[in-house]
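See structure below.
The values are calculated or read from the model by the stated rules, or taken from the named source; none is laboratory data. Remember, predicted model here, so these are calculated numbers, not experimental data. Glycine also receives a Cβ, built like all others from the backbone with ideal geometry; neighbour counts cover every protein chain displayed.
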Amino acid sequence: MAIRINGSDVAVPDDARVSLLDLLREGLHLTGTKVGCNQGACGACTVLIDGQRVLSCLTLAAQADGRSVTTIEGLGSGSDLHPLQVAFIEHDGFQCGYCTPGQICAAAAMLREVEAGIPSYVTADLAAERLTLSREEVRERMSGNLCRCGAHNGIVEAILRVAAEHAA
Amino acid sequence: MTPISYSRATSVAEAGRLADGAGARLLGGGTNLVDLMRKGVERPSRLVDVSGLSDAIELARSGSLVIGAAARNSAVAAHPLVRQRYPMLARAILAGASAQIRNMATVGGNLMQRTRCLYFADVAGSRCNKREPGSGCDAVGGFNRYHAVLGTSPACIAAHPSDMCVALAALDARVQVSGPGGDRMIPLVDFHRLPGDRPDRDTVLDPGEVIVAVELPASPFAGRSAYRKVRDRSSYAFALVSVAAGLTMREGRIEEVAIAFGGIAPKPWRASRAEAVLRGGPAAGAAFAAAADAELADAAPLAGNAFKLALTRRTLEAVLSELTGGSL
């Protein structure tokens with residue numbers, strides 16, 4: 001009974017009601033992951049499970065048993081920033097910063113989805129094997145992460161920059 | 001939340017055994033159930049995680065595509081066979097929720113998800129016949145912008161929230177279930193109930209029955225199909241109205257046609273009356289309007305959602321125009 005969190009094994013809580021979000025924040029003091037709405041509407045609690053973006057508020061910790069969780073603390077640190085963190089700083093991808101860890105976790109997984117050729121609702125040709133990451137595509141693919149400061153334009157710019165660097 | 005036990009089912013039979021009791025709920029991705037538990041709408045004492053059961057997506061000898069109930073929504077939408085042969089379904093799934101939620105949500109869970117009626121979710125402050133039979137409905141005289149106009153009853157006007165199920169309804173999908181009485185196949189259009197005087201019962205599933213898979217027969221509509229969703233913001237919102245449609249043409253006339261609506265009924269709404277008007281007829285604006293009229297003839301709009309009649313009409317006409325080659 002263990003969840004691998006940022007590379008370390010953590011015991012699954014005895015109480016099955018504990019969400020993955022509460023385990024991260026209250027149990028492990030990994031407070032990079034944020035509590036926003038706590039009902040699946042805002043994306044602030046986004047983390048990666050086995051590389052896929054999910055909402056930790058709607059995931060019971062027990063559901064993550066045997067799986068690998070990556071939080072913002074696992075993506076980068078103050079001395080070793082993730083390319084998306086660098087780009088968010090350069091392009092003003094945040095104001096208050098509360099939604100930022102969720103935005104960056106979501107964006108990291110999203111870029112891999114695009115690389116894998118996974119379409120979105122606005123992708124014109126569902127059968128296409130190669131995707132072009134337009135501004136419209138980024139907005140649709142990141143629609144599960146809300147920013148009440150309204151930094152969305154900077155967020156989209158930052159993500160497009162990282163995608164372009166990655167492709168180059 | 002009240003204390004719960006959690007276990008993982010390793011077979012359909014085990015899931016059925018563990019779930020055969022009033023306090024038990026099957027858990028797929030948890031995107032709906034965990035939220036409803038936190039709100040106090042659902043109060044299970046036992047969760048049986050069925051996300052480890054079959055998530056295979058494969059062709060059967062019959063030519064049908066069989067999708068295991070534990071398949072994640074994102075995996076279904078990304079699957080090459082779904083994108084090629086059932087683009088309407090891929091598009092409908094991608095129109096729903098967010099990428100995070102689609103990564104978690106399962107096909108079986110999507111079929112079982114409950115209404116997003118705000119009064120249903122408001123345990124402390126609202127009356128709701130779906131949550132508490134006989135208590136009354138605060139939506140009828142309340143804020144009912146998001147509620148249904150077709151198939152409602154005096155007891156309940158809640159709309160079914162799924163996008164995926166709307167495409168499944170248009171594609172003649174069948175739900176394979178297994179239970180104490182044996183296995184059975186339920187057409188998707190018969191899987192969900194209309195509220196009548198028992199709005200607490202969303203589906204026709206019997207106690208102990210488990211969804212095993214969803215089966216899609218071969219579809220003639222891959223070349224001309226669409227899922228169009230109209231909502232209050234351009235992404236990550238439930239439908240005000242959605243239309244899943246597919247058709248074939250022959251000598252300028254509509255040959256076969258399948259249409260289903262979301263957002264306007266208590267269940268995924270197969271528009272059989274509209275189809276009957278269109279089948280064999282011309283691909284013309286007047287026919288599209290007549291089809292919408294036929295389907296909406298029995299609509300029961302309320303103060304907050306009467307706009308859905310015009311919105312449904314226009315959305316259907318636009319989709320049919322697009323699919324038959326015109327522009328509106």
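Taking the criterion of being more than 21 Å from the chain's Cα centre (by Cα), assigned to a helix (DSSP H, G or I) and of a type outside the set (D, E), the residues of the range B:276-301 that qualify are B:A276, B:V277, B:L278, B:G285, B:A286, B:A287, B:F288, B:A289, B:A290, B:A291, B:A294. If you go through the range A:41-58 and pick out every residue that is crowded, with 24+ Cβ neighbours inside 10 Å and either modelled with pLDDT under 95 or outside any strand (DSSP E or B) (or both), you end up with 7.
Of all residues in the range B:227-255, those being modelled with pLDDT of 95 or more, assigned to a loop (DSSP other than H, G, I, E, B) and away from every other protein chain (no Cβ under 14 Å) number 1. Counting the residues of the range B:302-325 that are surrounded by fewer than 19 Cβ atoms within 10 Å (Cβ to Cβ) and in a loop (DSSP other than H, G, I, E, B) gives 5. Of all residues in the range B:55-87, exactly one satisfies the criterion of being over 27 Å from B:T115 (Cα atoms), facing another protein chain (nearest Cβ under 10 Å) and in contact (Cβ under 8 Å) with a residue 60 or more places away in the chain, namely B:Q84. Does A:A61 qualify as being within 11 Å of chain B (Cβ to nearest Cβ), closer than 15 Å to B:M1 by Cβ and either surrounded by fewer than 24 Cβ atoms within 10 Å (Cβ to Cβ) or touching a residue at least 60 places away in the same chain (Cβ under 8 Å) (or both)? Spelling it out, it is not the case that A:A61 is within 11 Å of chain B (Cβ to nearest Cβ), closer than 15 Å to B:M1 by Cβ and either surrounded by fewer than 24 Cβ atoms within 10 Å (Cβ to Cβ) or touching a residue at least 60 places away in the same chain (Cβ under 8 Å) (or both).
Let's see how each residue does on (1) in a helix (DSSP H, G or I); (2) within 12 Å of another protein chain (Cβ to nearest Cβ); (3) on the phi > 0 side of the Ramachandran plot:
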{"site": "A:Y98", "(1), (2), (3)": "no, no, no"}
{"site": "A:C105", "(1), (2), (3)": "yes, yes, no"}
{"site": "A:V122", "(1), (2), (3)": "no, yes, no"}
{"site": "A:A127", "(1), (2), (3)": "no, yes, no"}
{"site": "A:E137", "(1), (2), (3)": "yes, yes, no"}
{"site": "A:E140", "(1), (2), (3)": "yes, yes, no"}
{"site": "A:N145", "(1), (2), (3)": "no, yes, no"}
{"site": "A:R148", "(1), (2), (3)": "no, no, no"}
{"site": "A:E157", "(1), (2), (3)": "yes, no, no"}
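Going through B:S74, B:S98, B:S45 one at a time, which residue ends up being over 23 Å from the mean Cα position of the chain (by Cα) and outside the structural domain of B:S242 (by TED's automatic domain parsing)?
Details: B:S74 fails: over 23 Å from the mean Cα position of the chain (by Cα); B:S98 fails: over 23 Å from the mean Cα position of the chain (by Cα).
Of the residues listed, the single one that is over 23 Å from the mean Cα position of the chain (by Cα) and outside the structural domain of B:S242 (by TED's automatic domain parsing) is B:S45.
Counting the residues of the range A:91-116 that are in contact with an Asp or Glu (Cβ under 9 Å, 6 or more places away or on another chain) and either outside the structural domain of A:A158 (by TED's automatic domain parsing) or more than 19 Å from A:L48 (Cα to Cα) (or both) gives 3.
Can you work out which of the residues in the range A:137-168 that are of a type in the set (D, E, K, R) and surrounded by 17 or more Cβ atoms within 10 Å (Cβ to Cβ) is farthest from A:Q95 (Cα to Cα)? Ranking the qualifying residues of the range A:137-168, first place goes to A:E137.
Write out, first by first residue and then by second, each pair whose Cβ atoms fall under 7 Å of each other, whose residues are 6+ apart or on separate chains, and whose first residue, in the range B:266-295, is under 30 Å from B:C156 (Cβ atoms) and free of Cβ contacts under 8 Å to residues at least 24 places away in the same chain while the second is surrounded by 16 or more Cβ atoms within 10 Å (Cβ to Cβ) and small (G, A, S). That search, which allows pairs on different chains as well, returns B:E275/B:A258; B:V277/B:A287; B:V277/B:A291; B:V277/B:A294; B:A294/B:A274.
Does B:G52 meet the test of being within 13 Å of chain A (Cβ to nearest Cβ), under 20 Å from B:L111 (Cα atoms), surrounded by fewer than 22 Cβ atoms within 10 Å (Cβ to Cβ) and not hydrophobic (A, V, I, L, M, F, W, C)? Criteria met by B:G52. Here B:L47 qualifies as in contact with a Phe, Trp or Tyr (Cβ under 8 Å, 6 or more places away or on another chain), within 12 Å of chain A (Cβ to nearest Cβ) and surrounded by 18 or more Cβ atoms within 10 Å (Cβ to Cβ).
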